[in-house]
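Undergrad: The structure's right below; bear with me while I get my questions together.
Please treat every number below as a calculation from the coordinates, not as lab data. Just so it is clear, the structure is predicted and the values come from calculations on it, not from any experiment. Note that we place each Cβ from the backbone using ideal geometry, even for glycine, and neighbour counts take in every protein chain shown.
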Amino acid sequence: KAGVTQTPRYLIKTRGQQVTLSCSPISGHRSVSWYQQTPGQGLQFLFEYFSETQRNKGNFPGRFSGRQFSNSRSEMNVSTLELGDSALYLCASSNGQTSGANVLTFGAGSRLTVL
Amino acid sequence: SQQGEEDPQALSIQEGENATMNCSYKTSINNLQWYRQNSGRGLVHLILIRSNEREKHSGRLRVTLDTSKKSSSLLITASRAADTASYFCASLNTGGFKTIFGAGTRLFVKA
């Protein structure tokens with residue numbers, strides 16, 4: 001079965017621009033989580049979606065937003081980009097059941113560079 | 001910070017030696033998982049231990065969990081050069097929707 005697909009894999013933006021990243025989960029997975037990974041801060045939780053609803057959110061400013069579609073695909077958007085937003089953005093999918101183990105399957109990531 | 005702590009931050013060993021990584025977390029958990037990441041790519045799930053378990057084995061991996069101390073350890077026995085990677089612990093909170101990762105341990109296994 002196909003893995004988690006993230007697009008684009010690499011992108012370069014300038015300060016003040018906005019960016020949209022896409023994530024297609026494993027077929028049958030209804031939960032999508034997003035993480036930001038930087039050398040200094042490690043993996044930081046951004047948000048988690050399940051059946052088009054945001055169930056949990058990390059401590060990021062409102063410039064970071066996301067959504068999930070009815071087919072479970074998810075997008076995240078960062079507006080008014082800052083240099084500090086340069087990072088590897090990772091998406092992970094799971095079955096998202098509250099009684100389950102919630103093992104995450106990760107995509108390869110989208111590496112964003114802000115100049 | 002959302003994160004738990006991991007130590008050591010970096011570990012360099014010879015092939016054949018054992019590698020032990022430790023992790024502490026902050027909240028009540030449903031389970032604790034360990035993941036591996038090669039060179040800034042996506043993470044791969046290694047092993048999961050539930051909050052009511054104390055020890056789990058999978059191949060060359062052994063993980064322990066002490067919920068009273070909010071800590072876990074991962075032991076990789078007879079390490080190989082191919083084990084060179086970053087290892088992260090991840091705690092699933094009792095609400096079940098949020099998995100928080102530790103800062104990671106970078107393991108380098110010398111051939």
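Undergrad: Counting Lys and Arg as +1 and Asp and Glu as -1, each charge on the Cβ, what is the dipole of the range A:37-98 about the Cα centre in debye, to the nearest 20?
TA: Its charge dipole is roughly 120 debye.
Undergrad: Can you put B:57, B:45 in order, fewest other beta carbons within 10 Å first?
TA: Ascending number of Cβ neighbours within 10 Å: B:57, B:45.
Undergrad: Tell me the Kirkwood hydrodynamic radius of the range B:17-95 in angstroms, computed as one over the mean inverse distance between distinct C-alpha pairs.
TA: 12.9 Å
Undergrad: Further, regarding this structure: For chain A, what's the relative contact order in percent, using C-alpha pairs closer than 8 Å and at least 6 residues apart? Show your work: numbers first, answer last.
TA: Details: 291 pairs, mean separation 41.5, N = 115.
Value for chain A: 36 percent.
Undergrad: For peptide B:73-80, what's the mean number of Cβ atoms from other chains within 10 Å of each residue's Cβ?
TA: 0
Undergrad: Which ordering of B:83, B:66, B:7, A:85 is given by a fewest-first count of other beta-carbon atoms within 10 Å? Numbers along the way, then the final one.
TA: Values: B:83 17, B:66 11, B:7 14, A:85 21.
Placing the least packed residue first, the sequence is B:66, B:7, B:83, A:85.
Undergrad: Which of the lysines could a cross-linker span from residue B:70 if the Cα-Cα distance has to be under 22 Å and same-chain partners fewer than 8 positions apart are dropped?
TA: Correct list for residue B:70: B:26, B:56, B:98.
Undergrad: Within a 10 angstrom radius of each residue's Cβ in A:42-52, how many Cβ atoms of other chains show up on average? Whole number is fine.
TA: Taking all residues of A:42-52 together, the mean is 4.
Undergrad: Just to compare against my own numbers: the Cα pair-distance distribution for the protein assembly as shown, 10 Å bins, whole % per bin, please.
TA: 8, 34, 35, 19, 4, 0
Undergrad: For the residues A:74, B:51, A:51, what sequence is obtained by ranking on other C-beta atoms within 10 Å, fewest first?
TA: If I rank by nearby Cβ atoms, fewest first, I get A:51, B:51, A:74.
Undergrad: At a threshold of 8 angstrom on Cα-Cα distance, excluding pairs fewer than six apart, so keeping six or more, what relative contact order does chain B reach in percent?
TA: Value for chain B: 38 percent.
Undergrad: Tell me which of A:26, A:38, A:114 sits at the most positive position along the dipole axis of chain A, charges placed on C-beta atoms (Lys, Arg +1; Asp, Glu -1).
TA: It is A:26, whose Cα lies furthest towards the positive end.
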